[in-house]
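Encoded as structure tokens, the structure appears first; notes follow it.
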């Protein structure tokens, strides 16, 4: 199977139904010509001729392909070389469309990264070369000098674990499944903008392992769709989500499910229909580490989709999603509770991820997993003062593709058309990747400089006192969505909610670390 040096996502769509590069697979050949394959999407489909172009350095490869349906593929061979590969397509005689960008690694030992999870890891609405799993891989490749490869098996809407799917919850059966979102059947969801509950995270990991390639790092998340991010987390309408902490413990932690699924027959699209109960994130971490190469595991936390800084969401959130009149009315009645419930989910899921990482590392005896922190604040939520998420259905570069693909492929077009709402935008994606690469444990695994000195904390009622190592500048993140910048290695913070809270600090030590910041805590 080809090593994909990109996340499986369409290049930014152009208007007018022009062909779009949907996916590019390149197998690095280490000093030899490299085979590759391009997948092209064309809304008009049948009998259309499409010209494709691949450029590396000063060389160009071109060809044509006949569309036998809305997606077609063509193979090519790259000349010997490394660096950025540019791939685009057009109707014969027309202008070339948006460029898909790849990187051919400069060494024979690149950092091999795999990502699995839901629309957060799939980085809904962001162009392929700007998605945070790929950026994380690219930064690792640059800082180690090894270059990188990246394969992405995540999909919008995926649950962490669907206990009844596939039959018997046998992950091996996942390899026999086929999905509309994966037209070239390579396990990567090229049409991931089309919301789907399967393959779940365990199936994605199974597919990643079947590729047979040693992996250095797995980036994963999961459990938000098991709780239903549309009507469960923000409103508690979906049965089983009335109490956020209990639901997080059940879906993210894999503990406390009832014998029967109370959300099995809700009259709307919901991951809770198939994702209720099942295995938790610790089991996913352990399965990820069992893949070829016994990779390290980075668990990507959630950001603030909505927060107290957002204000009350617009009622269109409830009325424009294709819900029944009764469900839409209940949604509108509860809309004021959404921001604080999303804050609660963000904090409790982060704590559950941390618990799962600690337990997996303890069981192994040798730490191999880390709970990543994107270091987002409440001000980065939708409709807040410094949003780092998409706020409207048409502001992201993939919205044109959704307008074409959702009616054709999705069973719930209204939700598919608004799928990127409250997902990290381009700035938020880079923040994720850069924050992850500050983690001292992750840096140590890949031979990068970093300091694993712990953050010292003491609690006095609602007040937390924090002390870090000496440095020049300190950026304190208190775990409640707020932060502060100081030039002193100590600070205090008063909490106004019950938690849980995971404080962090970024220390800029210009003397010892030559200006390289390190996350502590």
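Here are the numbers for the structure shown:
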{"item": "Matching residues in the range 207-239 - criterion: being under 27 Å from residue 172 (Cβ atoms) and either in a loop (DSSP other than H, G, I, E, B) or outside the structural domain of residue 141 (by TED's automatic domain parsing) (or both)", "result": "211, 212, 213, 214, 215, 216, 221, 222, 223"}
{"item": "Breaking point among (1) surrounded by 19 or more Cβ atoms within 10 Å (Cβ to Cβ); (2) farther than 24 Å from residue 209 by Cα; (3) out of contact with any strand residue (DSSP E or B) (no Cβ under 8 Å at 6 or more places or on another chain), for residue 89", "result": "(3)"}
{"item": "Members of the range 182-206 found to be out of contact with any helix residue (DSSP H, G or I) (no Cβ under 7 Å at 6 or more places or on another chain) and outside any loop (DSSP other than H, G, I, E, B), listed by number", "result": "204"}
{"item": "Close pairs from the range 259-287: first without any contact (Cβ under 8 Å) to a residue 24 or more places away in the chain, partner part of a helix (DSSP H, G or I) and surrounded by fewer than 20 Cβ atoms within 10 Å (Cβ to Cβ), Cβ under 9 Å, at least 6 apart", "result": "261/273; 264/273; 265/273"}
{"item": "Considering residues of the range 41-62 that are at positive phi and surrounded by 11 or more Cβ atoms within 10 Å (Cβ to Cβ) only, the residue modelled with the lowest pLDDT", "result": "45"}
{"item": "Only one of 322, 336 that is within 23 Å of residue 387 (Cα to Cα) and surrounded by fewer than 17 Cβ atoms within 10 Å (Cβ to Cβ)", "result": "336"}
{"item": "Close pairs from the range 347-362: first farther than 15 Å from residue 288 by Cα, partner assigned to a helix (DSSP H, G or I), Cβ under 6 Å, at least 6 apart", "result": "348/245; 348/248; 349/248; 352/248"}
{"item": "Cβ-Cβ under 6 Å pairs, at least 6 apart or on other chains, the range 205-228 side more than 26 Å from residue 241 (Cα to Cα), far side at pLDDT below 95 and part of a loop (DSSP other than H, G, I, E, B)", "result": "207/187; 211/1"}
{"item": "Residue that is farthest from residue 231 (Cα to Cα) [pool: residues in the range 271-287 that are in contact with a helix residue (DSSP H, G or I) (Cβ under 6 Å, 6 or more places away or on another chain) and crowded, with 24+ Cβ neighbours inside 10 Å]", "result": "285"}
{"item": "Single match in 470, 440 (criterion: at pLDDT below 95 and assigned by TED's automatic domain parsing to the domain that holds residue 345)", "result": "440"}
{"item": "Those residues of the range 422-458 which are in a loop (DSSP other than H, G, I, E, B), closer than 23 Å to residue 125 by Cα and over 14 Å from the mean Cα position of the chain (by Cα), in sequence order", "result": "437"}
{"item": "Odd one out for residue 514, checked against (1) assigned to a helix (DSSP H, G or I); (2) modelled with pLDDT under 95", "result": "(1)"}
{"item": "Single residue of the range 372-401 satisfying the filter (in a helix (DSSP H, G or I) and at pLDDT 90 or above) that is nearest to residue 182 (Cα to Cα)", "result": "399"}
{"item": "The range 240-256, residues that are buried (at least 18 other Cβ atoms within 10 Å of the Cβ) and part of a loop (DSSP other than H, G, I, E, B)", "result": "240, 241, 252, 253, 254"}
{"item": "Any hit, the range 339-355, residues being within 25 Å of residue 439 (Cβ to Cβ) and not in a helix (DSSP H, G or I)", "result": "no"}
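The values are calculated or read from the model by the stated rules, or taken from the named source; none is laboratory data. For clarity, every value in this text was computed on a predicted model and none was experimentally measured. Please note: Cβ atoms are built from the backbone with ideal geometry, for glycine as well, and neighbour counts cover all protein chains shown.
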